[in-house]
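Chemist: Sharing a structure below in structure tokens format, with a few things to ask.
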Ligand code: TYD
Ligand code: MG
């Protein structure tokens, strides 16, 4: 006899009141052995072959040519990359998805509570629901709460073809999709979805896996695009949505600081497009507004203080300019350790750059607390901003402002050498085009003739040259 935890699917030979794996109480259930009646040899649709074995009837296949007929319901589609795409009506969302929503794709949209997932999907529902049918399944909020968000966002001009349901059981939702044949389905959220075939409570691992898997199947079977909301907690991830990432076609994250206005949409997986693109929004009275020029978000205006330095970074098809801010203060008396606090970059990266600046750049940092922040809530996991971070720390230590017309790009190695990186030349060209006075870049780009030399461009070989 085996037992299984309905929350985390931990297997055990003995019953226990509390699962030793996930710590939940009363989640153990007896695990039934596989039912011999459904085994292949005795199942329906089998017959004996010449060798005396039982074999399964063959699966069906379809001629490729039959699949070449497109069915986009007469709405705007883009065949540029061969996918049948629907315009979401939100340019930044189209961009992140790879040019629009693909028919039958399942998209998992994750983000912390209150970040704006329901708002974005309400806007999407409204765009599609003007000349297509939308099914908005809300297990999180009541009908009136969903309606009031629509009211708040669109006032008197409501979409005519949006249906709202608060059904939590996915099998019933599947039936509804079959009856209604919508052009878009929104599931808000997976944590409130339930499958009759899983015994866990809503939000448990087994429910998320079973209910989520079913929903993805419905999207495929009925050829309808489906957006599934997955809540994540403050620590970043909840086990649930993580296991769904394998079965959906696209995973997008809505990020940003709740206290700021900006929201960044990015994809970490996309079967139908690139993953590097970001979409930038501003949260306002009218919901999420697209920001056409993202650099404006990441740059603060006004006088530049010491410790603030500009850098550029490639995000998909765009170059975005961002502001790096550093604050360096003497270690407080009585503190055993100095503090290294990073927001928007990895703390380990900050530690490495601090060590390089100390050893190779001649800066005295071992007795100072260092704080580094990327403005606008952007999270950067890309060494192209190393040089800017180094310059920001140096500027902060020496209390000397850096002109706001200067841009710094380059990867910094452990030896202090400033290195080239993919996309560097694109950033340089864009910076010059936008009229930045001076662009500091890896010297190697210069030496190898990567860019046309001019008074605006400065090659930096080593951090000690800063
Ligand atoms: P919501 O979309 O409900 O977040 P999520 O579904 O990710 O939990 O957004 C909630 C926040 O957005 C809430 O704090 C109110 C704010 N908001 C606006 O500022 N303007 C708006 O037009 C709307 C609809 C919400
Ligand atoms: Mg919500």
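Chemist: With r defined as the distance between the Cβ atoms of residue 196 and residue 60 and R0 fixed at 25 Å, what FRET efficiency is calculated, to the nearest 0.05?
Modeler: Calculated transfer efficiency: 0.40.
Chemist: Further, regarding this structure: Which semi-axes, in whole Å and largest first, does the equivalent ellipsoid of the range 76-292 have when worked out from the alpha carbon gyration tensor as the square roots of 5 times its eigenvalues?
Modeler: Semi-axes from the Cα gyration tensor: 23, 20, 19 Å.
Chemist: With the contact rule set at Cα under 8 Å and sequence spacing of 6 or more, what percent relative contact order holds for the chain?
Modeler: Value for the chain: 11 percent.
Chemist: Still on this structure, please answer the following. Between residue 15 and residue 447, how many nm apart are label points set 7 Å from Cα along the C-beta direction?
Modeler: 7.4 nm
Chemist: Let me ask something else about it. For the chain, what is the mean residue ellipticity at 222 nm derived from helices alone (per DSSP H run of n ≥ 4: -39500 (n - 2.57); sum divided by total residues; nearest 500 deg cm²/dmol)?
Modeler: -7000 deg cm²/dmol
Chemist: Explain nothing, just the number: relative contact order of the range 246-347, from Cα pairs under 8 Å at least 6 residues apart, as a whole percent.
Modeler: Reported relative contact order: 16 percent.
Chemist: Take the alpha-carbon centre of the range 310-348, take the same for the range 422-466, and report the distance between them in whole Å.
Modeler: The range 310-348 and the range 422-466 have Cα centres separated by 22 Å.
Chemist: Ok, one more. Among 448-458, 187-197, how do they line up from the highest to the lowest mean number of other beta-carbon atoms within 10 Å?
Modeler: Order by mean packing, descending: 187-197, 448-458.
Chemist: How far is helix 143-154 tilted, in degrees, relative to the longest principal axis of the Cα atoms in the chain, given as a value from 0 to 90 rounded to the nearest 10?
Modeler: Its long axis makes an angle of about 40 degrees.
Chemist: For residue 425 and residue 352, what is the calculated FRET efficiency with R₀ set at 30 Å and r taken between the beta-carbons, to the nearest 0.05?
Modeler: 0.75
Chemist: Further question: Have a look at the DSSP beta bridges in the chain and tell me what percent are antiparallel, nearest 5. All intermediate terms of the calculation are to be shown ahead of the outcome.
Modeler: Working: 45 of 80 bridges.
That works out to approximately 55 percent antiparallel.
Chemist: Here's another thing I want to ask about it. Going by average Cβ density within 10 Å per residue, which order do the peptides 416-425, 429-438, 306-315 take, highest to lowest?
Modeler: Output ranking for 416-425, 429-438, 306-315: 306-315, 416-425, 429-438.
Chemist: Taking 7 Å along the Cα-to-C-beta vector as the label spot, tell me the residue 131-residue 366 distance in nanometres, rounded to one decimal.
Modeler: About 6.9 nm, to one decimal.
Chemist: Starting from 0.36 nm per residue, how many nanometres of slack lie between residue 147 and residue 271 once their C-alpha separation is accounted for?
Modeler: Answer, rounded to one decimal: 41.4 nm.
Chemist: What percent antiparallel are the DSSP beta bridges of the range 76-292, to the nearest 5?
Modeler: Around 45 percent of the beta bridges assigned by DSSP in the range 76-292 are antiparallel ones.
Chemist: Something else about it: Using the basic label-point model (7 angstrom from Cα toward the beta carbon), what is the residue 158 to residue 381 distance in nanometres?
Modeler: 4.2 nm
Chemist: As I understand it, the value is the acute angle between the Cα axis of helix 347-359 and the longest principal axis of the Cα atoms of the chain; what does it come to in degrees, rounded to 10?
Modeler: So the inclination is approximately 20 degrees.
Chemist: In addition: What angle do you read, to the nearest 10 degrees and between 0 and 90, between the alpha-carbon axis of helix 117-128 and the longest principal axis of the chain?
Modeler: That works out to roughly 70 degrees.
Chemist: If I take R0 = 56 Å and measure r between the Cβ atoms of residue 359 and residue 180 in this structure, what FRET efficiency does the formula 1/(1 + (r/R0)^6) give, to the nearest 0.05? Can you show the working numbers first?
Modeler: Working: r = 65 Å, r/R0 = 1.17.
Rounded to the nearest 0.05, the efficiency is 0.30.
Chemist: Dimensions of the range 298-465 along principal axes (Cα, Å, largest first)?
Modeler: Extents along the principal axes: 52, 33, 28 Å.
Chemist: With no solvent and one equal point scatterer placed on each C-alpha of the chain, evaluate the Debye formula and give log10 I(q)/I(0) for q = 0.10, 0.11, 0.12 Å⁻¹, two decimals.
Modeler: For the chain, the Cα-only Debye profile gives -0.89, -1.00, -1.09.
Bear in mind these aren't lab numbers, they're just calculated from the coordinates by the rules spelled out. Worth saying up front: this structure is predicted, and the values here are computed from it rather than measured. Note that we place each Cβ from the backbone using ideal geometry, even for glycine, and neighbour counts take in every protein chain shown.
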